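Each remark here refers to the structure printed beneath this line.
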Amino acid sequence: MLEIKNLTVEVGNRRVLKDISLTVPSGSTSVLFGPNGSGKSSLLNTIMGLSNYRVLEGQIIFDGEDITHMPVHERAKLGIGLMSQRPPNLVGVQLRDMLRVTSRGKRDPGKLAETLNMKRFLDRDVNVGFSGGEIKRSELLQLAAQNPCFYMLDEPESGVDLESIERVGTMIRDLLTGGVTCAGRRATEGKSALVITHTGQILDYIEADRGYVLCDGMMACSGNPRELLREIRNNGYEECVDCRLVKQK
Amino acid sequence: MRKRAEAALEKKAALGEDIDLSKFREGARDIPEVSSLEELPERTREAMLRASVVPSGEGREGSLVILDNSMVARSVASDAYELMDVRAAMQKHDWLKDYAWKLVQPDADKYTASTYLADAPGYFIRALPGQHVKMPIQTCLLVGSQNTAQTVHNIIIVEEGASLEVVTGCVSEGGVEEAIHMGISEFYVKKGGKLTFTMIHNWAEQIGVRPRTGVLVEDNASYINNYVILKKVRTVQTYPTAHLVGRNSVAQFNTVAVAQPGADLDLGSRAVLSGVGSRAEIISRSLTTGGRVVNRGSLVGKAADIKAHLECRGLILGDKGVNIAIPELEAHIPDVEMTHEASLGKIAKDQVEYIMSRGLTEDEAVGMIVRGFLEVGIRNIPEELKAEIDKTIAQAELAKG
Ligand SMILES: Nc1ncnc2c1ncn2[C@@H]1O[C@H](COP(=O)(O)OP(=O)(O)OP(=O)(O)O)[C@@H](O)[C@H]1O
Ligand SMILES: [Mg+2]
């Protein structure tokens with residue numbers, strides 16, 4: 001589904017991603033770990049095609065097509081969807097309208113909002129004055145309206161209260177699996193995802209197939225996501241960096 | 001008075017480019033009146049629709065249409081208010097002379113002088129004491145022929161404790177490329193009264209527009225002014241002034257303007273707060289897609305306990321247009337609270353890309369942001385009008401300049 005080859009990316013005058021490669025196979029979910037500022041969000045934003053992120057080297061291949069320099073909306077049309085960590089305020093644009101245009105009129109914003117207990121936000125301007133958890137839920141609603149086949153979720157659980165996390169987690173699971181639980185069928189029928197998490201809480205809801213650790217813009221490690229999480233919990237990220245250095249030598 | 005006006009016929013206005021009035025001939029005064037709006041010719045009705053004036057009169061309490069310098073249609077549905085040509089009103093009410101040319105001076109500039117001397121038509125609307133006129137009254141000021149100088153003189157009186165909404169569409173008929181519209185408006189909102197006045201402009205590429213408006217607001221009365229101009233025009237210069245003479249009187253100005261290529265808009269709103277405890281708010285949202293737009297706002301504080309705020313935001317689309325914000329605060333005593341915010345800029349790229357990441361094209365995303373930006377300017381206006389203005393905004397070609 002998604003293949004990233006030797007990607008080097010600059011923001012402002014700073015290299016935030018250096019020679020990154022990763023693959024997310026069809027129907028599978030990969031998880032991105034890494035300390036603050038390691039470049040996780042930058043990677044998702046680059047895949048989405050946001051213009052602040054200048055690709056200096058490497059390629060992004062989606063469904064066999066090179067999308068490295070494709071405009072943002074065409075990527076969205078191919079089925080890439082992003083839950084952003086810090087989406088901008090849209091003053092004067094109500095969430096209801098955003099959901100309506102995002103679903104191209106196919107979904108009823110009212111019904112959609114009910115699933116995440118967001119009805120009272122429909123008349124609010126998108127993101128304006130939204131709390132951290134509200135932003136996550138609004139982003140998720142928009143993704144549900146958009147119905148992509150490749151989900152990029154930037155810390156979907158962070159800031160979400162204990163009660164809502166159940167709703168958010170369940171909704172993400174439903175969006176990704178479309179109700180399919182069998183692993184074999186999931187590979188062919190389910191959606192693919194690339195998910196950033198610090199706590200790993202979201203892993204209680206979704207099946208993650210592969211994990212990656214980003215450190216200082218470089219891919220430090222990859223492997224079984226639960227094992228990686230355990231390592232990080234126990235030994236912190238230092239270990240990953242060292243580990244990578246060891247491998248390099 | 002006449003002499004003063006005659007002496008002012010060449011007097012240039014303080015603001016806006018000078019328009020040579022000799023190029024234009026006086027608007028026709030003898031266009032026959034028809035008995036209902038729907039009997040007006042097709043092209044007239046088509047023009048009305050473009051300025052949110054409903055030819056069927058549906059959803060409107062009453063209607064009055066002026067074409068060039070003639071009143072051509074009028075309908076009155078109730079006796080809660082009076083609605084007629086201002087000249088007829090002057091004949092009917094002797095006392096009206098105490099209201100005419102009191103808030104706008106005939107010799108203010110050549111445009112007021114020309115209108116004074118033209119014995120101009122116009123609408124006279126009076127909400128009777130204590131009456132709450134439910135639906136809006138609509139008026140339409142139409143320019144129907146090339147090179148016309150239209151002059152109108154309007155008077156609205158909201159008597160004590162009454163409330164009234166007026167929607168005015170100012171528009172030129174198809175094929176009228178060059179003309180000038182001069183409109184004098186004098187509004188009186190008496191004790192405890194409320195007037196909401198919404199003006200929608202839809203002119204053509206070579207039309208000059210010079211409205212002159214004064215509003216007097218008494219104790220506990222309020223005045224809301226909404227002005228929407230989204231379509232092509234050559235030049236507009238206007239600076240309506242609300243005189244908040246009453247205790248706890250209120251004025252609010254909302255302006256939504258788009259300067260299309262070739263347009264020169266000089267738009268202002270002023271509130272003079274001389275009543276104790278009076279409040280005023282000026283909100284403007286303007287956008288240039290290639291034209292020039294000046295947003296002026298002036299708040300003058302002359303009484304204790306007043307509160308006034310001015311908020312002016314401008315967007316520049318493309319790289320041709322000019323957007324100028326000139327906010328002014330003026331306090332004559334210490335006990336006032338007066339603030340302003342002004343900002344100008346282009347559309348934020350991160351917002352455009354955010355919407356694009358949901359699958360919309362760049363033009364669609366820009367359109368959405370611009371619509372949202374402008375809509376903030378009309379947030380306070382009555383729902384039924386908002387829907388129509390929303391429609392106008394949606395129809396205006398607001399994508400990239
Ligand atoms: N516009 C920018 N200008 C300069 N530096 C930037 C810009 N955007 C991002 N960066 C820097 O790039 C680095 C990577 O940022 P990124 O947001 O990708 O980190 P992250 O891994 O998502 O961190 P977190 O876990 O805190 O969300 C950070 O050091 C950040 O400060
Ligand atoms: Mg991040």
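The values are calculated or read from the model by the stated rules, or taken from the named source; none is laboratory data. Since the structure is predicted, the reported quantities are computational estimates derived from the model, not experimental observations. Note that each Cβ is placed from the backbone with ideal geometry, even for glycine, and that neighbours are counted across all protein chains shown.
Within the range A:205-226, work out how many residues are farther than 21 Å from residue A:151 by Cβ and either touching a helix residue (DSSP H, G or I) at 6+ places or on another chain (Cβ under 6 Å) or modelled with pLDDT under 90 (or both).
Residues that pass the stated criteria total 3.
Please give the number of the condition residue B:350 fails out of (1) within 14 Å of chain A (Cβ to nearest Cβ); (2) modelled with pLDDT of 85 or more; (3) closer than 30 Å to residue B:271 by Cα.
That leaves (3) as the condition not met.
Which residue pairs have Cβ atoms under 7 Å apart, sit 6 or more places apart or on different chains, and have a first residue in the range B:38-62 that is within 22 Å of residue B:76 (Cβ to Cβ) and a second that is polar (S, T, N, Q) and in a loop (DSSP other than H, G, I, E, B)?
B:38/B:56; B:61/B:78
Taking the range A:100-114 on its own, how many of its residues are at the interface with chain B (Cβ under 10 Å from one of its Cβ atoms) and either among the β-branched types (Val, Ile, Thr) or farther than 18 Å from residue A:148 by Cβ (or both)?
Number of matching residues: 2.
Any residue at all in the range B:93-102 that is farther than 23 Å from residue B:223 by Cβ, out of contact with any His (no Cβ under 7 Å at 6 or more places or on another chain) and in a loop (DSSP other than H, G, I, E, B)?
Within the range B:93-102, not a single residue is farther than 23 Å from residue B:223 by Cβ, out of contact with any His (no Cβ under 7 Å at 6 or more places or on another chain) and in a loop (DSSP other than H, G, I, E, B).
Being touching a helix residue (DSSP H, G or I) at 6+ places or on another chain (Cβ under 6 Å), at negative phi and facing another protein chain (nearest Cβ under 10 Å) is the requirement here; does residue A:78 meet it?
No, not satisfied.
Tally time: how many residues in the range A:33-59 are within 8 Å of ligand 1 (Cβ to nearest atom) and farther than 21 Å from residue B:354 by Cβ?
Going through the range A:33-59 one residue at a time, the tally reaches 5.
Please go through the range B:187-209 and give me each residue that is touching a strand residue (DSSP E or B) at 6+ places or on another chain (Cβ under 6 Å) and closer than 14 Å to residue B:265 by Cβ, ordered by number.
Result: B:199, B:201, B:202, B:203, B:207, B:208, B:209.
Please go through the range A:12-38 and pick out each residue that is in contact with a Ser or Thr (Cβ under 9 Å, 6 or more places away or on another chain) and within 13 Å of ligand 2 (Cβ to nearest atom).
Matches in the range A:12-38: A:16, A:17, A:32, A:33.
Here is a check on your reading of the model: is residue A:97 more than 14 Å from every other protein chain (Cβ to nearest Cβ) and farther than 19 Å from residue B:349 by Cα?
no
Scan the range A:85-103 and give yes if some residue there is in contact (Cβ under 8 Å) with a residue 60 or more places away in the chain and within 16 Å of ligand 2 (Cβ to nearest atom), otherwise no.
Scanning the range A:85-103 turns up at least one residue that is in contact (Cβ under 8 Å) with a residue 60 or more places away in the chain and within 16 Å of ligand 2 (Cβ to nearest atom).
Got a number for residues in the range A:1-11 being within 15 Å of ligand 2 (Cβ to nearest atom) and away from chain B (no Cβ under 14 Å)?
1
Quick check on residue A:23: is it buried (at least 18 other Cβ atoms within 10 Å of the Cβ), in contact with a strand residue (DSSP E or B) (Cβ under 8 Å, 6 or more places away or on another chain), more than 8 Å from chain B (Cβ to nearest Cβ) and outside any loop (DSSP other than H, G, I, E, B)?
Here the answer is no, as residue A:23 does not meet what is asked.
Of all residues being in contact with an Asp or Glu (Cβ under 9 Å, 6 or more places away or on another chain) and surrounded by fewer than 24 Cβ atoms within 10 Å (Cβ to Cβ) in the range B:166-176, which is nearest to residue B:61 (Cα to Cα)? Just the residue, please.
The selected residue is B:173.
Against the condition over 19 Å from the mean Cα position of the chain (by Cα) and either outside the structural domain of residue B:75 (by TED's automatic domain parsing) or not hydroxyl-bearing (Ser, Thr, Tyr) (or both), how does residue B:136 come out, does it pass?
no
Condition check ((1) closer than 23 Å to residue B:52 by Cβ; (2) in contact (Cβ under 8 Å) with a residue 24 or more places away in the chain; (3) crowded, with 24+ Cβ neighbours inside 10 Å) across all residues:
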residue	(1), (2), (3)
B:190	no, yes, no
B:198	yes, yes, yes
B:204	yes, yes, no
B:207	yes, yes, yes
B:245	no, yes, no
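Looking only at the range B:218-235, count how many residues are touching a residue at least 60 places away in the same chain (Cβ under 8 Å) and not charged (D, E, K, R). First the steps, then the outcome.
Within the range B:218-235, the first condition is being touching a residue at least 60 places away in the same chain (Cβ under 8 Å), and the residues that meet it are B:221, B:224, B:226, B:228, B:230-231, B:235.
The next check asks that each one be not charged (D, E, K, R); those that pass are B:221, B:224, B:226, B:228, B:230, B:235.
Residues in the range B:218-235 being touching a residue at least 60 places away in the same chain (Cβ under 8 Å) and not charged (D, E, K, R): 6 in total.
Test of understanding: among B:94, B:107, B:79, which residue is in contact with a helix residue (DSSP H, G or I) (Cβ under 6 Å, 6 or more places away or on another chain) and among the charged types (D, E, K, R)?
B:107
Just to be sure before I move on: is residue B:33 charged (D, E, K, R) and at pLDDT 95 or above in the structure I sent?
Taking the combined requirement at face value, the residue satisfies it.
Name every residue in the range B:278-335 that is more than 30 Å from residue B:218 (Cα to Cα) and assigned to a loop (DSSP other than H, G, I, E, B), in order of residue number.
Once the filter is applied, which keeps residues that are more than 30 Å from residue B:218 (Cα to Cα) and assigned to a loop (DSSP other than H, G, I, E, B), the range B:278-335 yields B:289, B:290, B:291, B:317, B:318, B:319, B:320, B:321.
Let me confirm something: among B:52, B:56, which residue is small (Gly, Ala, Ser) and on the phi > 0 side of the Ramachandran plot? Walk me through it before giving the result.
Numbers: B:56 fails: on the phi > 0 side of the Ramachandran plot.
None of the others qualify; the one that does is B:52.
Taking the stated definitions as given, is residue B:310 touching a strand residue (DSSP E or B) at 6+ places or on another chain (Cβ under 7 Å), within 12 Å of chain A (Cβ to nearest Cβ) and of a type in the set (A, V, I, L, M)?
Answer is no for this residue.
Looking at residue B:179 and the list (1) part of a strand (DSSP E or B); (2) surrounded by fewer than 24 Cβ atoms within 10 Å (Cβ to Cβ), which single condition is not satisfied?
Evaluating residue B:179 over (1) part of a strand (DSSP E or B); (2) surrounded by fewer than 24 Cβ atoms within 10 Å (Cβ to Cβ) leaves (2) as the failure.
Of all residues in the range A:1-32, count the ones that are without any contact (Cβ under 8 Å) to a residue 40 or more places away in the chain and away from ligand 1 (no atom under 16 Å from the Cβ).
Going through the range A:1-32 one residue at a time, the tally reaches 1.
Starting from the range A:41-58, take each residue that is more than 13 Å from chain B (Cβ to nearest Cβ) and list its partners that are of a type in the set (Lys, Arg) and away from ligand 2 (no atom under 14 Å from the Cβ), counting only C-beta distances under 6 angstrom and pairs at least six apart or across chains.
Once the first residue is more than 13 Å from chain B (Cβ to nearest Cβ) and sits in the range A:41-58, its partners that are of a type in the set (Lys, Arg) and away from ligand 2 (no atom under 14 Å from the Cβ) give A:58/A:5.
Determine if the range B:346-356 includes at least one residue that is under 28 Å from residue B:251 (Cα atoms) and not charged (D, E, K, R).
no
Counting only residues that are within 14 Å of the chain's Cα centre (by Cα), give me the strands (runs of 3 or more DSSP E) lying completely in the range B:219-260 with at least 3 of them.
Where strands (runs of 3 or more DSSP E) fall fully within the range B:219-260 and carry at least 3 residues being within 14 Å of the chain's Cα centre (by Cα), they are B:222-229, B:235-238, B:250-259.
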